[in-house]
Amino acid sequence: VFKLNLYMQYGVKEYWIVNPLLNSIQIYSLDNNGQYEQQAVLKETGTIASSEIKGFKVNLEELFK
């Protein structure tokens, strides 16, 4: 929570939480009010992509082999 608030304060547009214990990725993006909104969540399978970095995506099956 500390890092999330710090990143929000400094305007980090996109924040990813990668949890290897749950084989999951959560993506949060800043809204118009400068608050983070959850944009995507995937667990174990699928591909998740950044809305800020064109072409950046992660395949969960490959990541959590």
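With contacts defined as alpha carbon pairs under 8 Å and 6 or more residues apart, what's the relative contact order of the chain in percent? It comes to 24 percent, rounded to a whole number. Secondary-structure-derived ellipticity at 222 nm for the chain, considering helices only, amounts to -4000 deg cm²/dmol, per-run term -39500 (n - 2.57) for DSSP H runs with n ≥ 4.
In the context of the full protein assembly, Y28 retains an accessible surface of approximately 50 Å², using a probe radius of 1.4 Å and ignoring ligands and nucleic acids. When F56, F2, F64 are compared by accessible area at a 1.4 angstrom probe, the order from most to least is F2, F56, F64. The H on the amide N of Q39, modeled in the peptide plane, is under 5 Å from the matching H of I27, Y28, S29, each at least 5 residues off or on a different chain.
Computed from backbone phi, the HN-Hα couplings of region 49-63 come to 10, 7, 8, 9, 10, 4, x, 8, 8, 10, 8, 5, 4, 5, 5 Hz, rounded to whole numbers (Karplus: 6.51 cos²θ - 1.76 cosθ + 1.60, θ = phi - 60°; Gly and Pro given as x). Spin-label model, I17 to K54: label points 7 Å out along the Cα-to-beta-carbon direction sit 3.1 nm apart. For region 1-64, the solvent-accessible area works out to 73 Å² per residue, with a probe of 1.4 Å and every protein chain left in place.
If you sort I25, I17 by accessible surface, 1.4 Å probe, largest first, the order is I17, I25.
The values are calculated or read from the model by the stated rules, or taken from the named source; none is laboratory data. Given the structure is predicted, the values throughout are model-derived calculations rather than measurements. With ideal geometry, Cβ positions are generated from the backbone for all residues, glycine too; neighbour counts draw on all protein chains shown. Quick note on the areas: whole protein, heavy atoms, side chains included, nothing else; ligands and nucleic acids left out. Shrake-Rupley method; radii C 1.70, N 1.55, O 1.52, S 1.80 Å.
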